[in-house]
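Student: Could you have a look at this structure, given as structure tokens, before my questions?
The values are calculated or read from the model by the stated rules, or taken from the named source; none is laboratory data. Every value quoted in this text rests on a predicted model; they were computed, and no experiment measured them. Here Cβ is always computed from backbone atoms with ideal geometry, including for glycine, and neighbour counts include all displayed protein chains.
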Amino acid sequence: MSMIKWCDIDFLHTVYRKLQKREEKTGNGFPDSLVYQAKVKVHGANSAVQCFRDGLRIAQGRARILTPDDDERGFGKWVHSRLGFSIRWDFVGNDRCTVFGEWCGPGVMAGAISQIPRRTFVIFALRVGSKVVVDPEQLQRIVSVESDEVKILPWHHGLFVVNWRNRESLEVVARLLGELVSQVEDCDPWVKQEYGIEGVGEGVVLYPLGISVWRDFSRLVFKAKGDKHRKLGVKDKSNRKKAIPLDPQVAKSINEFVDMFVTESRLEQGLEEACGGVFDSKLKGKFIAWISKDVLKESEVEREVSNLKWIQVARDINRRAAQWYQGKIGES
């Protein structure tokens, strides 16, 4: 059975840059003004369940299919033993749908969400064929929640009108997003409302409303993170909140590029994703490969504006990751 993967979500400046390049090439790169709405970016392990009308279900991590015997953080076992939701097939119109969410809670990732009582599958989207559903009310109609171990993530905040053709309009959106992200980082609002727990939030994801075709949705959705989760931050030295950047950061050297992308948060995420949070010399190569792949994926526009090729930075990325991992082994 093949994977049905969730899309890689870019930052605002990356989406803007890609649309600019598409516009320069085709003359039709910018969409009309779109209305966006935000959800809190839950800091968990991206996971999914392929559900079939005949009752078959397939657990997925971000990059591979999971089973109870070949698992990641117990998600495969949970899906096959006590999946806490069912699908109302009359609302689907297909024999298969894929439910996407974050597997989060104790021992999965850091932040406020790690303090909740038990591991939980927080649903943020569903895909049926080439269509995607993100609206919480629609998700509630399709997904019947049957356990406290399953939540459907609500909208957070109001609407954002994004005019991709108008730089001044985008700057207004960027400022508003900077304020919103800072609030979420200070205290994850969903975790506080749902569980009464206060702690650091990761950021937000902005979903384009009315865009249900997967191909279009996947290139227009974007994320914004706080600087405790991403070194390209939103605060200056006086601690005032800044706008989310509209332009990619230019690295003046290879070392500066490595500093930009091999951050503590990415290293910690790589440890969780690649090694299950375990420092083991046998897993060092797997960890380095994960960091390298993740930086390659997220740094496309930064490499372009910095006039750097991947071959120029890859060795230093790997070296920095290896040094960090080896140092942690020595501490343990």
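Student: Among (1) assigned to a helix (DSSP H, G or I); (2) farther than 20 Å from Asp10 by Cα, which single condition is Glu273 missing?
Tutor: (2)
Student: Identify all residues within the stretch 153-185 that are part of a strand (DSSP E or B) and either among the small types (Gly, Ala, Ser) or more than 24 Å from Leu19 (Cβ to Cβ) (or both); write none if there are none.
Tutor: Listed by number, the residues that qualify are His156, Gly158.
Student: Hey, another quick one. Select from the stretch 191-224 the residues that are more than 27 Å from Val133 (Cα to Cα) and over 17 Å from the mean Cα position of the chain (by Cα) and write down the one among them that is surrounded by the fewest Cβ atoms within 10 Å (Cβ to Cβ).
Tutor: Out of the qualifying residues, it is Gly196.
Student: Okay, next question. Return only the number of the condition from (1) at pLDDT below 95; (2) closer than 30 Å to Leu66 by Cα that Asp236 does not satisfy.
Tutor: Unmet for Asp236, out of (1) at pLDDT below 95; (2) closer than 30 Å to Leu66 by Cα: (2).
Student: May I ask you to list the residues in the stretch 119-137 that are in a strand (DSSP E or B) and either among the small types (Gly, Ala, Ser) or at pLDDT below 95 (or both)?
Tutor: Correct list: Ala125 only.
Student: Now for a separate question. Just one of Arg57, Arg118, Arg82 is in contact (Cβ under 8 Å) with a residue 60 or more places away in the chain and surrounded by fewer than 20 Cβ atoms within 10 Å (Cβ to Cβ); which is it?
Tutor: Of Arg57, Arg118, Arg82, the one residue that is in contact (Cβ under 8 Å) with a residue 60 or more places away in the chain and surrounded by fewer than 20 Cβ atoms within 10 Å (Cβ to Cβ) is Arg82.
Student: Any idea which residue in the stretch 307-332 is surrounded by the most Cβ atoms within 10 Å (Cβ to Cβ), counting only those that are of a type in the set (S, T, N, Q) and assigned to a helix (DSSP H, G or I)?
Tutor: Among them, the one singled out is Asn318.
Student: Now for a different question. Given Val40, Val128, Val35, which one is touching a helix residue (DSSP H, G or I) at 6+ places or on another chain (Cβ under 9 Å), of a type outside the set (Gly, Ala, Ser) and in contact (Cβ under 8 Å) with a residue 40 or more places away in the chain? So that I can check it myself, show each step before the final result.
Tutor: Numbers: Val128 fails: in contact (Cβ under 8 Å) with a residue 40 or more places away in the chain; Val35 fails: touching a helix residue (DSSP H, G or I) at 6+ places or on another chain (Cβ under 9 Å).
The conditions single out Val40.
Student: For the stretch 279-287, state whether one or more residues are over 30 Å from Asp186 (Cβ atoms), modelled with pLDDT of 90 or more, hydrophobic (A, V, I, L, M, F, W, C) and over 25 Å from the mean Cα position of the chain (by Cα).
Tutor: The answer is no; no qualifying residue exists.
Student: Among the residues that make up the stretch 254-273, is at least one of them closer than 14 Å to Ile329 by Cβ, outside the structural domain of Glu168 (by TED's automatic domain parsing), crowded, with 17+ Cβ neighbours inside 10 Å and modelled with pLDDT under 90?
Tutor: Yes, the conditions are met somewhere in the stretch 254-273.
Student: Can I ask one more? When both residues are 6+ apart or on different chains and their Cβ atoms are under 8 Å apart, which pairs have a first residue that lies in the stretch 186-203 and is closer than 12 Å to Gly111 by Cβ and assigned to a helix (DSSP H, G or I), and a second that is among the polar types (S, T, N, Q) and at pLDDT 90 or above?
Tutor: Going by the 8 Å Cβ cut-off, the qualifying pairs are Val191/Gln115.
Student: A further question follows. Of all residues in the stretch 87-106, which are more than 16 Å from the chain's Cα centre (by Cα) and either farther than 20 Å from Glu198 by Cβ or not assigned by TED's automatic domain parsing to the domain that holds Gly76 (or both)?
Tutor: Ile87, Arg88, Trp89, Asp90, Phe91, Val92, Gly93, Asn94, Asp95, Arg96, Cys97, Thr98
Student: A further question follows. Answer with yes or no whether Ala48 is assigned to a strand (DSSP E or B), closer than 21 Å to Asp135 by Cα and aliphatic (A, V, I, L, M).
Tutor: When the stated conditions are applied, Ala48 passes them.
Student: What number of residues within the stretch 277-297 are touching a residue at least 40 places away in the same chain (Cβ under 8 Å) and either surrounded by 14 or more Cβ atoms within 10 Å (Cβ to Cβ) or in a helix (DSSP H, G or I) (or both)?
Tutor: The number of residues fulfilling the criteria is 4.
Student: On to the next question. Residue check: is Ala110 over 15 Å from Val128 (Cα atoms), among the aliphatic types (A, V, I, L, M) and either more than 24 Å from the chain's Cα centre (by Cα) or assigned to a loop (DSSP other than H, G, I, E, B) (or both)?
Tutor: yes
Student: Looking at the stretch 92-111 only, could you name the residues that are of a type in the set (Gly, Ala, Ser) and closer than 16 Å to Lys151 by Cα? Show your work before the answer.
Tutor: Restricting attention to the stretch 92-111, the residues satisfying the condition of being of a type in the set (Gly, Ala, Ser) are 93, 101, 105, 107, 110-111.
Scanning the stretch 92-111 gives Gly101, Gly105.
Student: Residue check: is Arg127 surrounded by fewer than 20 Cβ atoms within 10 Å (Cβ to Cβ) and not small (Gly, Ala, Ser)?
Tutor: Criteria not met by Arg127.
Student: Quick one: in the stretch 132-190, which of the residues that are within 18 Å of the chain's Cα centre (by Cα) and of a type in the set (Asp, Glu) is surrounded by the most Cβ atoms within 10 Å (Cβ to Cβ)?
Tutor: Among those that are within 18 Å of the chain's Cα centre (by Cα) and of a type in the set (Asp, Glu), it is Asp188.
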